[in-house]
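Each reported figure results from applying straightforward, stated rules to the coordinates on display, with no laboratory input. Everything numeric in this text was worked out from a predicted model, so none of it was measured. Please note: Cβ atoms are built from the backbone with ideal geometry, for glycine as well, and neighbour counts cover all protein chains shown.
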Amino acid sequence: MEATEIKYQKHLAKDYKSENAVRWCPGCGDYAILTCLHKALAELNLEPHDTAVISGIGCSSRLPYYMNTYGFHSIHGRATAIATGVKVANPALSVWVATGDGDSLAIGGNHFIHAIRRNVDINIILFNNKIYGLTKGQYSPTSSRGFVSKSSPYGTIEDPFRPAELCFGARGTFFARAIDVDMKNQVEVMVEAARHKGTSVIEVLQNCVIFNDGIHNKISDRSWKADNTVTLKQGEKMLYGKENDKGIVLDGWNLKGVTIGEDGYTLDDVLVHDATTRDNTLHLKLALMESTDGLPVALGVIRNVDEPSYERDYEKQIEEAQKNAPRKSFTEFLLKSSNVWEVK
Amino acid sequence: MPTNLVVTDIKQVTIRFSGDSGDGMQLSGTLFSTLSAIFGNEIATFPDFPAEIRAPQGSLHGVSGFQVRIGAKDVYNSGDKTDVLVAMNPAALKVNAQHLKKGSIVLYDTDSFQKKDLDKAQFTTPDPFAELNLDHIQPIGVAITSMTKSSLEGSGLENKEMLRSKNMFALGIVCWLFNRPLEIADKLLEQKFSRKPKLVDANIKALTDGYNYGNNIHLTASTYRIDPIESGKGFYTDVNGNTATAYGLIAAAEKAGVQLFLGSYPITPATDILQELVKRKDFGVKALQMEDEIAGITSSLGASFAGCLAATSTSGPGLALKSEALGLAVMTELPLVVIDVQRSGPSTGMPTKSEQTDLNQALYGRNGESPLVVIAAASPTDCFETAFESSRLALEHMTPVILLTDGYIANGSSAWKIPDMRDYPDIKPPYVQNHFNGDAGEWKPFLRDEKTLVRYWGIPGTPNYMHRIGGLEKDQFTGVISSNPENHQQMVNIRKQKIQNIAGFIPEQELTGDKDADTLIVGWGGTYGHLLEATLRILADGKKIAFTHFRYISPLPKNSYNLLKNFKRVIVAEQNNGQFADYLSSEFPDLKNIRKFNRVEGQPFKVSELIEEFTKTMEGK
């Protein structure tokens, strides 16, 4: 008989909800993300007072106001650097960053990649709606080439960042993707992100109902979602499709979407997902799958690798230094330093 | 060999060690000043080095100098002109020729004054002294390079390694000249090269041989004795301004019982603060080298939010990058210490040269009405006091504080009596759980102490006080974001008044000299030593003059206006185009007695010039 996990939930989702009235546009994808975060924190049994949510600037960054936790709504692009300070200062806190594609990949790009490189244990929720919403409709670093917006009336002539590529380029240890409307998957990846010790990046494909409505429709709309996305689960075959009859296989060095039973492909050919391999080559390939290449967009936890986290190593160094040199008062320290002489 | 050596007692002497960037002049200078301090002299040092790490050998722009002034007492600065110049090459002679006093000794290395060396320094004749019109000095040529080599023959060192010790040979000669006991120098060298015993031996040998050489041939007709000071009893060490700044933060964190956090990014001349604090893991200090200046301050602000004494260290260009985050610290009313070790600007300017040109940036360099505390350190050891004060005010008044030091005092060092921390006040941050008397549910993040207007500090991890802060304007009562016009006006006023109220928690401004004089000299920051000496010398000349030096700039001490208005003339002397003078005029618009004395050369004031200019102004010329 399998052991049943007995779970005692101290808090309900509503305990993480602040009394402030939520002020996003009606129909905005941000509502779902907020609700999922409330649920995820409840599932994680985190104390609201041990949780800090840090944000930058933009629609997404209003999120801390709606959390009954400690919250810091800061300045454009800097949330990851602030969060780094919070986490290193007090590693016992659960630290979350709410940020957007402009906030973290344009003005805050430097802090974003360096936080990931350091692997400080913070959870970054990246709201990717491929547009600047709060400034009313300019293209963002994730907008596709040719995208027409108020600041690109002739279409952009630049290629977008793909967040996973940046994350892996910065040696990221955790990357997950979710769609705003898919709340079950979203809560799951948030919980996984929190449990991962190191920087976690969750890219949420989020709809801006006013300035970029339907940008993710091909994958978020119910009629296409099953065929155009695959939800990856650790240790499970990469199956998708309305009938769950499609799978991801390796074709030479490339990934390929196939239908089982067609073209000689069997279930045995379908890849099994392993998010924990140190080599990120396959994770990157999975993260970059697009429907234009005949592949489903990957959702779920794509990479989840255990590496030393910055704040833990910092604590270790302090412990070691104090073990070798027992703590003294400041005056004692000076008296024992070199070049001390006495005037009698 | 002459035997009738005269030992002359003198009060003070200024010595400059000068040579190529790679000649080890900073080390010779540091050792000489430290051993003089240990010997019991007052010291003031001025490392003057180029921005280039290793400029072409023998070139004029590669000259690195270390000036040290030692004395029995009253050493307030590193001195204008030199009594002794050690010139390791012709470029060093040329660069420093203008700073030589009449009759000064120039000790030079004859081995490196050959034709090719003279060419590199752009001399056109074989006699560099004549070419520079140096007929008023005593040149002493010593074959330093070749004698160092023969001194270290058989030491097992490579030729190149032996040559590195020529700075020690030169130092040995200087030690003989000033009757410095070599035992102290030996001990310092043992500490310095503790991991390389071979180098300890070689350096001590070269030093001793240099000393003996001076002694045996009696290089000069007299040597000099500078008596030890009769300073207060106690333990002393020598410290430069950057180290003292780092120490001030450590001491304040200890007094407040909080974790010290530094987020920083390397920048000349502030990097030493970061480098000192990363060493102090034995104190549990968390010092992070971040990816840029902005991450330096924002990680600090995050740490402040999380309950640390948080600081960031930088210089002018870095402060410019930190402006937006400083505004956030003002808006969120979080404690933060920002150290700006000023250097010449604008832009990259002259990174290794010192100036006081960031005052306006510190006072006004942010968007919106953005008041904060500005403090300036007066000397290397005062960096400790002001870093402590900055921390105290930041933590107790929940505000960012900018501490202005400068390259001159940051790199300069002096003897420092090790403080007894029992003499310093406890620091008591306004933790919400200690101060807010009432139902935690009723507490809002911008409720304040009625008298000081300081808000309470609710730190993540504390039950029942969860709250949100941020850069948006908040309602003064509920703490909820608000763009109500009356509320904004009131919040602007409250933030200003909160800083003004700090005037009640800092000492009053003091006066030196003759309070009945017509003329008051006003200074701030790292020019203290020069201004004090100029004042004392004018007083000693029988003239009436007074001097006041500001450490607290925003807010100003309460008695500032009354103090300034009593004088017929107020000469504000600063290393910028009059930023503090303009600030005083704007704070006290009815003062009509303010005059300016300004130099923006990237070099310390010259006391002789100050005396001349002040005297002229006093005499109405």
- Rounded to the angstrom and largest first, Cα extents along the principal axes for segment A:13-215 equal 50, 36, 29
- Item | Selected from A:Pro153, A:Pro296, A:Pro64 as most flexible by GNM, with chain A as the system and alpha-carbon contacts under 10 Å | A:Pro153
- What percent does the relative contact order of chain A come to when contacts are Cα pairs within less than 8 Å and at least six residues apart? 14
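Evaluate the relative contact order of segment B:237-423 (contact order divided by residue number), counting alpha-carbon pairs under 8 angstrom at least 6 apart; express in whole percent.
Averaging sequence separation for qualifying contacts and normalising by length gives 29 percent for segment B:237-423.
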- Message: If I build a Gaussian network model for chain A, linking alpha-carbon pairs within less than 10 angstrom, which residue out of A:Leu239, A:Leu267, A:Leu93 has the largest mean-square fluctuation?
- Response: A:Leu267
- If you put +1 on each Lys and Arg Cβ and -1 on each Asp and Glu Cβ, how big is the dipole of segment B:208-354 around its Cα centre, in Debye rounded to 20? 120
- Query: Roughly speaking, what is the centre-to-centre gap between segment A:226-267 and segment B:133-165 when only Cα atoms are used, to the nearest Å?
  - Reply: 78
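Across peptide A:321-332, how many C-beta atoms of other chains are within 10 Å of each residue C-beta, on average? Could you put the intermediate results ahead of the total?
Working: counts 7, 4, 1, 2, 3, 1, 3, 2, 5, 12, 8, 2.
So the per-residue partner count for this stretch is 4.
Could you work out, residue by residue across B:467-476, how many beta carbons of other chains sit within 10 Å of that residue's beta carbon, and then give the average as an integer?
Working: counts 6, 15, 6, 12, 8, 4, 0, 0, 0, 0.
Across B:467-476, the average partner-chain Cβ count within 10 Å equals 5.
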- Note on the structure: Per the charge dipole of the protein assembly as shown (beta-carbon charges, Lys/Arg positive, Asp/Glu negative, Cα centre), the residue among B:His488, B:Leu520, B:Leu107 reaching farthest to the positive end is B:Leu520
- Any residue on another chain or 5+ positions along whose placed amide H is under 5 Å from the amide H of B:Lys474 is listed here as B:Ser482
- Query: Per the Debye formula with a single identical scatterer at each Cα and no solvent contribution, what log10 I(q)/I(0) holds for segment B:6-225 at q = 0.07, 0.18, 0.19 Å⁻¹?
  - Reply: -0.19, -1.41, -1.57
- Task: Let me know the charge dipole size of chain B about its Cα centre in debye, to the nearest 20, where only the beta-carbon of Lys, Arg (+1) and Asp, Glu (-1) is charged.
- Result: 120
- Message: Which of A:Phe330, A:Phe168, A:Phe127 ends up with the largest GNM mean-square fluctuation for chain A, with Cα atoms connected below 10 Å?
- Response: A:Phe330
- Test item: Cα-centred dipole of segment B:186-260, Lys/Arg +1 and Asp/Glu -1 on Cβ, debye: 240
- Message: Please rank B:Val95, B:Val239, A:Val343, A:Val120, fewest neighbouring Cβ atoms within 10 Å first, as an exposure proxy.
- Response: A:Val343, B:Val95, B:Val239, A:Val120
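Eigenvalues of the Cα gyration tensor times 5, then square-rooted: what semi-axes does that give for chain B, in whole angstrom, largest first?
On the way: eigenvalues 463, 156, 89 Å².
Here the semi-axes work out to 48, 28, 21 Å.
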- Query: Once the dipole of chain B is set up with Lys and Arg at +1 and Asp and Glu at -1 on Cβ about the Cα centre, which of B:Ala221, B:Val239, B:Ser194 lies farthest towards its positive end?
  - Reply: B:Ala221
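Listed highest first by mean packing, meaning other Cβ atoms within 10 Å per residue, what order do B:182-195, B:292-305 come in? Could you put the intermediate results ahead of the total?
Values: B:182-195: 15.9, B:292-305: 30.1.
Peptide ranking by packing, descending: B:292-305, B:182-195.
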- One computes Rg over Rh for segment B:432-505 from alpha-carbon atoms, with the Kirkwood Rh, and obtains 0.97
- Query: So what are the three principal axis dimensions of segment B:237-423 from its Cα atoms, in whole Å, longest to shortest?
  - Reply: 42, 37, 28
- Message: Students often get this wrong, so check it: of B:Lys544/B:Lys596; A:Lys10/B:Lys474; B:Lys81/B:Lys192, which have C-alpha atoms separated by over 26 Å?
- Response: A:Lys10/B:Lys474; B:Lys81/B:Lys192
- Query: Could you list log10 I(q)/I(0) for segment B:464-510 at q = 0.17, 0.24, 0.33 Å⁻¹, which the Debye formula gives when each Cα is one point scatterer?
  - Reply: -0.63, -0.88, -1.17
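Where does segment B:442-482 land on Rg(C-alpha)/(2.2 N^0.38 Å)?
Numbers: Rg = 10.4 Å, N = 41, 2.2 N^0.38 = 9.0 Å.
Cα-based Rg divided by the globular estimate yields 1.15.
What average count of beta carbons from other chains do you get within 10 Å of the Cβ of residues in B:303-313?
Whole-number average of other-chain Cβ neighbours for B:303-313 is 4.
Expressed in whole Å with the largest first, what are the equivalent ellipsoid semi-axes of the protein assembly as shown derived from the C-alpha gyration tensor as the square root of 5 times each eigenvalue?
Details: eigenvalues 725, 242, 124 Å².
Largest first, the protein assembly as shown gives 60, 35, 25 Å.
Given 20 °C and 1.002 mPa s, compute D for segment B:512-618 with the Stokes-Einstein relation, Rh being the Kirkwood radius over Cα pairs; round to the nearest whole µm²/s.
Numbers: Rh = 13.8 Å.
It comes out at roughly 156 µm²/s.
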- Task: Express the relative contact order of segment A:43-182 as a whole percentage, based on alpha carbon pairs under 8 Å and six or more residues apart in sequence.
- Result: 19
- Task: Collect residues whose amide H, placed 1.01 Å from N in the peptide plane, falls under 5 Å from the amide H of A:Cys208; neighbours closer than 5 in sequence don't count.
- Result: A:Gly214, A:Ile215
- Task: Output ³J(HN,Hα) for segment B:560-576: one whole-Hz value per residue in order, computed from phi by the Karplus curve 6.51 cos²θ - 1.76 cosθ + 1.60 with θ = phi - 60°, and x for Gly and Pro.
- Result: 4, 4, 4, 5, 6, 6, 6, 10, 5, 10, 10, 9, 8, 9, 7, 8, 7
- Note on the structure: Out of B:Asn360, B:Leu35, B:Gly620 - ranked by how far each Cα lies towards the positive end of the dipole of chain B, with unit charges on the beta-carbon of charged residues - the top one is B:Leu35
- Query: So what are the three principal axis dimensions of chain A from its Cα atoms, in whole Å, longest to shortest?
  - Reply: 94, 52, 45
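Tell me, Kirkwood radius of segment B:153-212 from alpha-carbon pair distances, in Å?
Values: mean 1/r = 0.0876 Å⁻¹.
In segment B:153-212 this quantity evaluates to 11.4 Å.
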- Message: With θ taken as phi - 60° and the coefficients 6.51, -1.76 and 1.60, list the Karplus ³J(HN,Hα) couplings across segment A:174-190 in order, rounded to whole Hz; mark glycine and proline as x.
- Response: 9, 9, 9, 9, 8, 10, 3, 7, 9, 6, 4, 4, 4, 4, 4, 5, 5
